[in-house]
1. Looking for whichever is touching a Lys or Arg at 6+ places or on another chain (Cβ under 6 Å) and either at pLDDT 85 or above or assigned to a helix (DSSP H, G or I) (or both) here; the options are A:358, A:326. Which one fits?
2. Test each condition in (1) among the polar types (S, T, N, Q); (2) in a helix (DSSP H, G or I); (3) surrounded by fewer than 20 Cβ atoms within 10 Å (Cβ to Cβ); (4) under 18 Å from the mean Cα position of the chain (by Cα) for residue B:24 and report the one that comes out false.
3. Residue under question is residue A:240, and the condition is that it be buried (at least 19 other Cβ atoms within 10 Å of the Cβ), within 28 Å of residue A:130 (Cβ to Cβ) and charged (D, E, K, R); does it hold?
4. Please work out if residue A:163 is free of Cβ contacts under 8 Å to residues at least 12 places away in the same chain and more than 14 Å from chain B (Cβ to nearest Cβ).
5. Scan the range A:27-59 residue by residue and report those that are over 18 Å from residue B:92 (Cβ atoms) and assigned to a helix (DSSP H, G or I).
6. Of (1) free of Cβ contacts under 8 Å to residues at least 60 places away in the same chain; (2) of a type in the set (Phe, Trp, Tyr); (3) in contact with a strand residue (DSSP E or B) (Cβ under 8 Å, 6 or more places away or on another chain), residue B:137 satisfies all except one. Which?
7. Just one of A:164, A:139, A:155 is assigned by TED's automatic domain parsing to the domain that holds residue A:86, surrounded by fewer than 22 Cβ atoms within 10 Å (Cβ to Cβ) and on the phi > 0 side of the Ramachandran plot; which is it?
8. Out of all the residues in the range A:91-124, which are within 14 Å of another protein chain (Cβ to nearest Cβ), within 17 Å of residue A:53 (Cα to Cα) and either surrounded by fewer than 17 Cβ atoms within 10 Å (Cβ to Cβ) or not polar (S, T, N, Q) (or both)?
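The values are calculated or read from the model by the stated rules, or taken from the named source; none is laboratory data. All values reported here derive from a predicted model rather than from experimental measurement. Cβ placement follows ideal geometry from the backbone for every residue including glycine, while neighbour counts extend to all protein chains displayed.
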There are 2 protein chains.
Amino acid sequence: MKFLHTADWHIGKRLHEYPLVKEQQDALAQIAQIAQKEQVDAIVVAGDLYDRSLPSEEAVTLVNQALRDLNLTADLPLLVISGNHDSAVRLATGQEWFKQTKLYLHTKLSEAFTPIEFEDTQFFLLPYFELQEARNYFADESISDLTSAMKLVVAKLKTKFDPAKKQVLVAHFFAAGSLRSDSETKIEVGGLDSVPTKLFSDFDHVALGHLHDKRALDLPTIKYSGSLLKYSVAEANSQKGVWIVETEPFSCKWVSLAPLNDICCLEASYAELTTKLYQTVAQDDYVAIELTDEHEIIDVMNKLRKYYPRIVELKRKKRLVHTKQAEKIESKSPLELFTDFFVQATGRKPTQLQHKWAKESLLELEKEGE
Amino acid sequence: MKFLHTADWHIGKRLHEYPLVKEQQDALAQIAQIAQKEQVDAIVVAGDLYDRSLPSEEAVTLVNQALRDLNLTADLPLLVISGNHDSAVRLATGQEWFKQTKLYLHTKLSEAFTPIEFEDTQFFLLPYFELQEARNYFADESISDLTSAMKLVVAKLKTKFDPAKKQVLVAHFFAAGSLRSDSETKIEVGGLDSVPTKLFSDFDHVALGHLHDKRALDLPTIKYSGSLLKYSVAEANSQKGVWIVETEPFSCKWVSLAPLNDICCLEASYAELTTKLYQTVAQDDYVAIELTDEHEIIDVMNKLRKYYPRIVELKRKKRLVHTKQAEKIESKSPLELFTDFFVQATGRKPTQLQHKWAKESLLELEKEGE
């Protein structure tokens, strides 16, 4: 059989406060077109449909529309899991009804062990799970890291293998050896860590979600599809798209999505930026600028906005602040920066208790950023 | 045909910070039992399934479970509308799939005009709507109040009447002449107002949501079912339950729900409360106490909690503060109280601008309370 693999839609996500609704709608429509053109038998969505566990009504409308378009209008089976950005509980709404039209949505670890059966292929939909869910499921409080948990999961999944069929795993985690981009949330917080890919060697294919660049992993049968859109300036040169996978005989093909509005990085002087260069950039593109000028330019952001309405980043190639000091700052941890600031502001060092509070607060903030 | 009419579940609502999950689960289970015992052909839920537009994961779990139990397990058609407390967008998730098992969920005004057809009865599911939705739908910006909007709605609904059948309207609004209880949110804020019941005289029956006491309206064929539970101390003596309605020949019967934990109002002295009286109250009941003592009792709340673990209200029959002053305070508006407090705290009257700010903030707070 033939399926399309997408993931990390992150519907609701903004790029530096610019809403990306139109871009997301457009990319989802392109996926529907690719699915039709490639005549796939199913679509895999490997987690993080939403950007937040409490998505806005606008985001809910968009995801509901996408599921309707792909499953009800295009009449395609959907194989969906929840990612670390989704609320498993909220996403599960309607789950039992979805099955009737072959929209399979797994949000609990326990659901992974019921394969979705196609004529020649079994799909195992393993949602993102926290360690405690694995401890509860296996009734084993000693599970101390994700790799140990995943070993148990894979061992149990294997008991469901039908030797007459191919096996595809759909999952959402950080595979060891992968490269990161800028817009994923680190899931290692709280003891979770990357999982070695060799654990999954008995699957004919693994369709992953979590990392936003398909180049994060370079293996023939374990793939990240990457995110729906470029969700950070660091991804400006990362191609977005979907995998078209055939299970028998095996093949895996990349199909790109054309960005409705692209991220464009410019390194130039103010003079260059305001004379010719802007004519090469589409008005709706998101622009990251690195100014090569060394002198100060008053109100530079507002001036540049007239040429580039959607500036998402404005940096100096050569910093105006004293370089040595800047380097020092860059090498410091948030806690060190806090301590410096405290000394500056109060004239004395934080007490041990204050230091402890700051540390805890920073840890809390880090977690919230997930 | 025969149907069960319930409304105003307000799943997620708390009683003075006590979560009511168990009570809500129990009441929903009773409804399923009544439906089975009465052998109804359908269940009507007339809005406010949730207490908040952004329900907690726990609330989502509970509502999803209830819909599953009633529609999939008990195999009953469900006729559901969104109320003013629901997010129409969020509640609509899964809507298109729900239909397949006769779970009809209407959350938009436009959907009201497609009746749900049973052999001898048409159901019109009219969700709670804002004036602007009516203005958009009828392309008429001059619609200035809910009654005008409702007239247009009813006129259009009538064009869908099948003369061979009975017509039932399911709706969520404040019917003129109704009595209020304490736990509804006023929906008149923002220009909305009550709607005269005579508008609906062409329906064989009207199953309403919004008001929490079934006694709010005393008409033979226009009924509030009231809320799932007693959601305020003022409702302590209000009976909760569901209507069993037969359309041909018409009959309408009340079936009570037995409260898992009741609200109990006690008016007694501290001595009475701590000697015998507590033995008459179930430990898990919610207790509102009106103390008849006139002298001060140190730490009275904590002392009483030993006898009544779930105190939701503690009042004095005779106020300890100077009575005249207390009466004065009661008659004052929040803005007047603010002004008094400002004078007390700063020694001068608020400026006109400060007065304006206070007024706007209070209005904002009032809206948030919706």
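1. When all the criteria are applied, what remains is A:326.
2. (3) is the only condition that residue B:24 fails.
3. Values: buried (at least 19 other Cβ atoms within 10 Å of the Cβ): yes; within 28 Å of residue A:130 (Cβ to Cβ): no; charged (D, E, K, R): yes.
Judged against the criteria, residue A:240 is not a match.
4. Details: free of Cβ contacts under 8 Å to residues at least 12 places away in the same chain: yes; more than 14 Å from chain B (Cβ to nearest Cβ): yes.
For residue A:163, the condition - free of Cβ contacts under 8 Å to residues at least 12 places away in the same chain and more than 14 Å from chain B (Cβ to nearest Cβ) - is met.
5. Answer for the range A:27-59, where residues must be over 18 Å from residue B:92 (Cβ atoms) and assigned to a helix (DSSP H, G or I): A:27, A:28, A:29, A:30, A:31, A:32, A:33, A:34, A:35, A:36, A:37.
6. (3)
7. Details: A:164 fails: on the phi > 0 side of the Ramachandran plot; A:155 fails: on the phi > 0 side of the Ramachandran plot.
After ruling out the rest, the residue left standing is A:139.
8. Residues satisfying the conditions are A:91, A:92, A:94, A:105, A:108.
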